[in-house]
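Data block below; observations after.
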Amino acid sequence: MSFEISHLTPVLFGEGVYQQTGEKLKQLDIAKVLCVYDKGIKAAGVADKVIATIKAAGIEVFEYDGVVADPPDTTVDEAAAIGRKENVDAIVGLGGGSSLDTAKAVNVLMGNPGSLADYFNPMVPQKPGKLLILIPTTAGTGAEVTKVAVISNSKAGTKSGTMSKATTADLAIVDPTLTLGLPAGITAPTGMDTFSHAVESYTSANQNDMSDILSIDAMTLVVKYLPIAVATGSNVEARTKMSFACVCAGYAFGDTGVHFGHALAHTIGAKYHIAHGTLCAVALPIVMEYVCDVKPDRVRKIGEILGVELAADLSSQEIGAAVAEAIRQLNKQVGIKTLKELGIPESGLVDISNDTLNDVCAFFMPKKLTPADVLVYLQKEYNR
């Protein structure tokens, strides 16, 4: 066996560490920063808290608050125009996955000419950007420690990605207290996004021994603490464990890749603009039934983490079905809707099936499928 471990982003983790943001930037000789976030973070007062620490360090701050869900390349271009005009030394991304991915993509344009659309092609070379610090306010995407920025291609109508040194943070500041104000409707899908990262990393065609350790720990933490965080959002222990699980899962799938579930989520999300974590959650039962015949021992382990009692003589298909049902029950417990309840028309499943295998995450699928196979899985899950 041979594999690569490339955990490139150092993490400052703990309650209250966001207060060190300005100090860290000052230590790195930063004079001007562009902070990238969405209007919800501003309204919640989180942006002001973080920016205050930066200004207190004597650093000039410019702000972009135009981040939206499924961030398109056009908003990246808008934010980068500010950074270029003001000649900032650093980009600080603050918020959930959309804000962090936008900040990462903005950093591409801080070191390279043109628009972000010019860099969706992985063969186009990229120079490094500026210093990049990412501060998550959800425990879900793991974007703070991964190398890729997922951005919507406004012309193609698909989710695309760009990956380089510019999209890799120089520091992640992970403060669980910044997640305390999250409502259950955000806590649940972002938490299930973390779970899906761990599950798909653990069953990826590219899994390795290090990713296994991180994935198992992340899955265990999510199963124990996500229901608590959803039910009691002020529980600091649950929030801390979920933030740590998110980092672990991010490191894991950063090396292994995620696969079928994320390919489905990206495809459906680009078409229907449903929250990414929600789509990852509803795709996970499909993933278990898809992967059980090639990785039955791993699906069994996932079942054990979920508390499923699995007899020794079960077939791989029976294991997959049992674990898939356990994930459906976890989804129900934390308030995730089913594929049908999300309002996706059954007639749309054909287009989803035709496009899913074109997503970059499909590269890491442990066995090949055809679009017809994908449609069978989707129809079965939809009509449960």
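General observations
- 3J(HN,Hα) from dihedral phi, the range 374-380, Karplus parametrisation 6.51/-1.76/1.60, rounded to Hz, x for glycine, proline: 4, 4, 4, 4, 5, 5, 5
- Using only alpha carbons, the range 11-178 has a radius of gyration to Kirkwood radius ratio (Rg to Rh) of 0.94.
- Amide H contacts under 5 Å for Glu63: Cys35, restricted to partners 5 or more places along the chain or on a different chain, H placed in the peptide plane at 1.01 Å from N.
- Across the cross-link table entries Lys224/Lys368; Lys42/Lys147; Lys127/Lys147; Lys39/Lys332; Lys155/Lys271, which are compared at the Cα atoms, the separations over 21 Å belong to Lys224/Lys368; Lys42/Lys147; Lys39/Lys332.
- For the chain, a crude dipole built from +1 on the beta carbon of Lys and Arg and -1 on the beta carbon of Asp and Glu, taken about the Cα centre, is about 400 debye to the nearest 20.
- Shown for the range 147-291 is the translational diffusion coefficient from the Stokes-Einstein equation, using the Kirkwood radius over Cα pairs, a temperature of 25 °C and a viscosity of 0.890 mPa s: 157 µm²/s.
- Theoretical ellipticity at 222 nm over the chain - DSSP helices of four or more residues, -39500 (n - 2.57) apiece, nearest 500: -16000 deg cm²/dmol
- Among Gly261, Gly114, Gly96, the largest mean-square fluctuation in a Gaussian network model of the chain, built with springs joining Cα atoms closer than 10 Å, belongs to Gly114.
- The length gained on full extension between Ala43 and Leu342, counted as 0.36 nm times the residue separation minus their Cα-Cα distance, comes to 104.9 nm.
- Computed E for Ala205/Glu15 - FRET, C-beta separation, R0 35 angstrom, nearest 0.05: 0.40
- Counting Lys and Arg as +1 and Asp and Glu as -1 over every other residue whose Cβ lies under 11 Å from the Cβ of Val299, the net charge comes to -1.
- Sorted peptide list for 137-143, 166-172, criterion being average Cβ within 10 angstrom, highest first: 137-143, 166-172
- Spatially proximal aspartates and glutamates relative to Lys24 (Cα-Cα < 18 Å; intrachain offsets below 8 disregarded): Glu15, Asp48, Glu60, Asp89, Glu144, Asp170, Asp175
- Ser160 long-range amide H proximity, modeled H, under 5 Å: Ile151, Ser152, Asn153
- Note on Lys159: aspartates and glutamates with a C-alpha under 18 Å away, same-chain residues under 8 apart excluded, are Asp70, Asp73, Asp77, Asp101, Asp118, Asp193, Asp351, Asp355, Asp359.
- When only Cα pairs below 8 angstrom with a gap of at least 6 residues are kept, the range 11-178 shows a relative contact order of 27 percent.
- Working note: Cα atoms of the range 254-360, range along each principal axis, descending, whole Å: 41, 29, 28.
- With θ taken as phi - 60° and the Karplus curve 6.51 cos²θ - 1.76 cosθ + 1.60 applied, the whole-hertz 3J(HN,Hα) list for the range 140-155 is x, 7, x, 4, 5, 10, 9, 8, 10, 10, 9, 10, 6, 7, 5, 7 Hz, x standing for glycine and proline.
- Taking Phe3, Phe253 and counting other C-beta atoms within 10 Å, the order from fewest to most: Phe3, Phe253
- Gap separating the Cα centres of the range 146-164 and the range 196-238, nearest whole Å: 25 Å
- In terms of its C-alpha gyration tensor, the range 66-156 comes out rounded, because the ratio a/c of the largest to the smallest axis stays below 1.5.
- Gyration tensor (alpha-carbon) shape descriptor, the range 184-382, a/c threshold 1.5: rounded
- For the chain, relative contact order (Cα pairs under 8 Å, six or more residues apart, normalised by length) works out to 15 percent.
- Taking packing as the residue-averaged number of other Cβ atoms within 10 angstrom, the listed peptides 301-310, 352-361, 55-64 run from highest to lowest as 352-361, 301-310, 55-64.
- Gain in span if fully extended, Ser154 to Lys380, counting 0.36 nm per residue against the direct Cα distance: 78.2 nm
- In the elastic network of the chain, a GNM with C-alpha springs shorter than 10 Å, the most mobile of Val145, Val236, Val247 is Val236.
- Mean separation of Cα contacts under 8 Å (6+ apart) over length of the range 184-382, as relative contact order %: 26 percent
- Sorted by Cβ neighbour density within 10 Å, fewest at the top, the residues Lys224, Lys147: Lys224, Lys147
- Farthest toward the positive end of the dipole of the range 1-72, out of Ala31, Ser2, Ala69, is the Cα of Ala31, where the dipole comes from beta carbon charges about the Cα centre.
Just so you know, all these numbers are worked out from the coordinates, no wet-lab data involved. Everything quoted here is computed from the prediction, not taken from an experiment. A quick note on method: Cβ atoms are made from the backbone with ideal geometry, for glycine too, and the neighbour counts reach across all protein chains shown.
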